[in-house]
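Notes to accompany the following structure.
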Amino acid sequence: MDFFEWLNGYEPRFGLHEVDFNDPNRPRTPRRSAVYYAEIIRNNGIPLPKEDEFLYGEFPKNFCWSVATAAYQIEGAWRADGKGLSIWDKYTHTPLKISNDDNGDVACDSYHKIEEDVEMLKRLKVSHYRFSISWSRVLPDGTTRYVNEMGLNYYERLIDALLAANITPQVTLYHWDLPQALQDVGGWENDTIVQRFKEYAELLFQRLGDKVKFWITLNEPYNTAYLGYGFGTAAPGISVRPGRAPYVVGHNLIKAHAEAWHLYNETYRAKQGGLISITINSDWAEPRNPHKQEDFDAARQYLQFLIGWFAHPIFKNGDYNEVMKTRIRERSLAQGLSSSRLPEFTESEKQRIKGTYDYFGLNHYTTVLTYKYEYSTGILSYDADRGVASVTDRSWLNSGSFWLKVTPFGFRKLLRWIKEEYNNPPIYVTENGISERGAIDFNDTWRIHYHRNYINEALKAVLLDGVDLRGYAAWTLMDNFEWAVGFDERFGFYHVNYTDPTLPRLPKASASYYSQIISCNGFPDPAMGPHPCLETELEGNHVLTISYCFLMNSDTRHHTRTGWQRALSGIRFNITQCRNSTVCAFCSFWNWSTGPGTYFI
Ligand code: NOJ
């Protein structure tokens, strides 16, 4: 336990048990480490817990394997063909908001690269592709007063290319890029947004609904409400009303979702026959100290303030959960206000919101350890209302993002929690993935490890816990614009070389691995002998990177050939001839993504 540490007094704490030196009774509380050490003693070592054992097996037939992107993160073409500005265009062009002042003006230029993007998807062998529509590309001022046909045409062509490749589109209507014109009249804080969103949704149902059978109304409403209008680290970057704006925004987001769902349900479902729902993000929350009731309560509070904020009204009873209602009301009253800062739904609104889902769309990445943290009464903010702080375990593996620790076990727990809390809805995971930073390494073993273990936990949720999981989308197809951190953090299966104006996409090792999981529909048991699905290799997964600079002409050709051969040694290449017999200059950094075969250089 903590004790008197000689010259340093009571400051450094070495104890497996915390001692409260302010309390005359000196109460001792076991720390996580105490529990952990007790387990080591009990087990006489560190055996792999049963639930951490790898599970071999397959996902249900017709499981949807997908990969996800979002318009602002990949499309570029920010002013092309009549596109209107979005709040992200404005935000990224505001100095100091984004790492390196990066922006999505060009990003991966997907607006001009349908063919290349679909080619990557084909190679991954995904059955589905999740992408979002840029509202202001289709409706430049956010309203249906004027439809930008050129913008809409991009999505028509993309959808046609996907269908031709037998890939089912999963279309998100709103992935954070609100038309700036709507922000100018208050954005999500102005309740007229509900009607604007419904009109936008209707246009897309009308124009794309004969081909799109999977709709997601909103992506991560929590981020729009909290990061956009509370914390201010996402567009529109509002942080001056942190105790009110996020709740007002959340209120309108829920209503907008419900209206779009009803519209589809009543007017389009019968003839178009698709699914429509919402994607909600959540971490899993564990009590920091599993032996402290208070930390348990903190975990529950954390989840109800995060996933429950949106899921409770939609998937349960049309209203906010009791945890949020009680805490926000009590704090508001203590602050001298006459009513809660959390708006209330009317009875008819509750009826309208309740049950507006066809499936549960889930974005999940990581786990946190929670404990209670009471903010002083005077602080008006979502964080203070929640009254919970979080840390992570130092033994958890890191990623390229400070908030993302590798914690596969939390994925299964969250899936099971959703099943229990929301009455066993069909679930589609619409995002899950890991980032990296720094120099590119195509051998991204960390991503392979992440997907292998997270997908395996999902498999356990299905096979052992009876979770009705229908699909999994990995985030993300290719490196792209990661919001406030710009291009610094990369989540892609394909690397995008931004220094080359043609923005070539090259597969990382994880692309092959993910495509293998897809071919196997899970993890075949090695005890059953070699499985053919394990032999499939990602086409085009032979990446050759050469940094050479030389001039080739007839005199030097034989030297050059030797050079090439040396550079290519060990790689499945066969150089048969130099195609250009006069002079060709090769400079700097060359990347090729190729299949096995004969190449002419
Ligand atoms: C959630 C968001 O939907 C997506 O846009 C983002 O890139 C990933 N998480 C990773 O942070």
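Brief remarks on what is shown
- Flag for Asp81 being open to solvent by less than 60 Å² (accessible area, probe 1.4 Å) and not in a strand (DSSP E or B): no
- Some residue of segment 2-18 being surrounded by fewer than 11 Cβ atoms within 10 Å (Cβ to Cβ), of a type outside the set (S, T, N, Q) and in a helix (DSSP H, G or I): yes
- Complete set of residues in segment 470-499 that are under 20 Å from Phe523 (Cα atoms) and either hydroxyl-bearing (Ser, Thr, Tyr) or free of Cβ contacts under 8 Å to residues at least 60 places away in the same chain (or both): Tyr472
- Some residue of segment 280-294 being away from the ligand (no atom under 16 Å from the Cβ), among the hydrophobic types (A, V, I, L, M, F, W, C) and either within 23 Å of Val249 (Cα to Cα) or open to solvent by 10 Å² or more (accessible area, probe 1.4 Å) (or both): no
- Restricting segment 201-235 to residues that are open to solvent by less than 30 Å² (accessible area, probe 1.4 Å), part of a loop (DSSP other than H, G, I, E, B) and in contact (Cβ under 8 Å) with a residue 12 or more places away in the chain, the residue that is farthest from the ligand (Cβ to nearest atom): Gly209
- Given (1) within 16 Å of the ligand (Cβ to nearest atom); (2) surrounded by fewer than 18 Cβ atoms within 10 Å (Cβ to Cβ); (3) in a helix (DSSP H, G or I), index of the condition Arg269 fails: (1)
- Here Gly308 qualifies as crowded, with 23+ Cβ neighbours inside 10 Å, under 13 Å from Gly250 (Cβ atoms) and not aromatic (Phe, Trp, Tyr).
- The residues listed here are Leu414, Leu380, Leu404; of these, the one that is farther than 26 Å from Ser99 by Cα and either open to solvent by 50 Å² or more (accessible area, probe 1.4 Å) or in a loop (DSSP other than H, G, I, E, B) (or both) is Leu380.
- Scan segment 438-480 for residues that are part of a helix (DSSP H, G or I) and within 16 Å of the ligand (Cβ to nearest atom) and the total you get is 5.
- Checked against (1) aliphatic (A, V, I, L, M); (2) closer than 28 Å to Ala225 by Cα; (3) touching a Pro at 6+ places or on another chain (Cβ under 9 Å), Ala201 passes all but a single condition, namely (3).
- Check on Gly45, open to solvent by less than 20 Å² (accessible area, probe 1.4 Å), farther than 30 Å from Pro426 by Cα and assigned to a loop (DSSP other than H, G, I, E, B): no
The values are calculated or read from the model by the stated rules, or taken from the named source; none is laboratory data. Computed from a prediction, not measured in an experiment: that's the story for all the values here. When we count neighbours, we look across all protein chains shown, and the Cβ atoms used for this are built from the backbone with ideal geometry, even at glycine. Protein only, heavy atoms only, side chains kept; ligands, DNA and RNA dropped before computing areas. Shrake-Rupley method; radii C 1.70, N 1.55, O 1.52, S 1.80 Å.
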